[in-house]
Amino acid sequence: METEKLEFDLTLYPQPVLRKVAEPVQAFDDELRRIVEGMFDLMARSNGVGLAAPQVGLRKRILVLNPTGEPDDALVLVNPTLVERSGPETTFEEGCLSFPGIYAEIRRPDACVVEAQDVDGKTFRGSYEAFPSRIIQHEYDHLEGVLLVDRMSPADKVRHKAALQELVDRYKRTRPAAPARRR
């Protein structure tokens, strides 16, 4: 019997789930596999290279990435821990699927070491450099409730003020109204 595929939509700034620290995955089952498959699908449809579970509205410690788009370069990190960040700090223009059309120069260490689990719960450790390391660090930030806007320079915040405000305004227009309070 084939399981139904999960289809996700992007969670855009400033939706509150993006600011929450994600919770560890406990069950390594078909549901987790479906989540991961759905995340890879959305990432590919969105022309992204990385995606964290909070970006699809889930408070789970899952991130997926594929720096090249080649099937063999796809990587899933469940319950990741950044053990070490090292190397020279480099500045690189980063974008984020939760901040469509917004790019900023972000400084990060060039390398990282991660301990994580795969979709079967097997623990592994990996060392990553350059672009893959940057993607992992960016997506790991999402699991900690840290966003692109938090890493932006003051100049980039000013430059993107209108676009950031438009995202806030869109969120306010689309979220359900709060129930009226009794006095």
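The values are calculated or read from the model by the stated rules, or taken from the named source; none is laboratory data. Because the structure is predicted, anything quoted here is derived from the model rather than measured. Cβ coordinates were reconstructed from backbone atoms using ideal geometry, including for glycine residues, and neighbour counts include every protein chain displayed.
Descriptive notes on the structure:
- Residue within the range 63-72 that is surrounded by fewer than 18 Cβ atoms within 10 Å (Cβ to Cβ), β-branched (Val, Ile, Thr) and at negative phi present: yes
- Residues satisfying the stated conditions in the range 79-132, i.e. more than 26 Å from Ser46 (Cβ to Cβ) and β-branched (Val, Ile, Thr): Thr81, Val83, Val113, Thr123
- Any hit, the range 169-182, residues being of a type outside the set (Phe, Trp, Tyr), exposed (fewer than 13 other Cβ atoms within 10 Å of the Cβ) and at pLDDT 95 or above: yes
- The one condition in (1) farther than 29 Å from Leu164 by Cα; (2) in contact with a Cys (Cβ under 6 Å, 6 or more places away or on another chain) that Val83 fails to fulfil: (2)
- Residue among Leu42, Leu58, Leu10, Leu18 that is within 11 Å of the chain's Cα centre (by Cα) and more than 26 Å from Arg107 (Cα to Cα): Leu58
- Close pairs (7 angstrom Cβ cut-off, 6 or more residues apart or separate chains): free of Cβ contacts under 8 Å to residues at least 40 places away in the same chain and closer than 28 Å to Phe92 by Cα in the range 115-138, assigned to a helix (DSSP H, G or I) and of a type in the set (Val, Ile, Thr) anywhere: Tyr128/Ile136
- Given (1) touching a residue at least 60 places away in the same chain (Cβ under 8 Å); (2) not in a helix (DSSP H, G or I); (3) not aliphatic (A, V, I, L, M), index of the condition Pro54 fails: (2)
- Within this structure, Val21 fails the test of being touching a strand residue (DSSP E or B) at 6+ places or on another chain (Cβ under 7 Å), closer than 17 Å to His142 by Cα and not charged (D, E, K, R).
- Matching entry among His160, His142 (being farther than 20 Å from Lys60 by Cα, in contact (Cβ under 8 Å) with a residue 40 or more places away in the chain, surrounded by 20 or more Cβ atoms within 10 Å (Cβ to Cβ) and not hydrophobic (A, V, I, L, M, F, W, C)): His160
- Of the residues making up the range 1-60, those that are hydroxyl-bearing (Ser, Thr, Tyr) and surrounded by 16 or more Cβ atoms within 10 Å (Cβ to Cβ) are Thr11, Tyr13.
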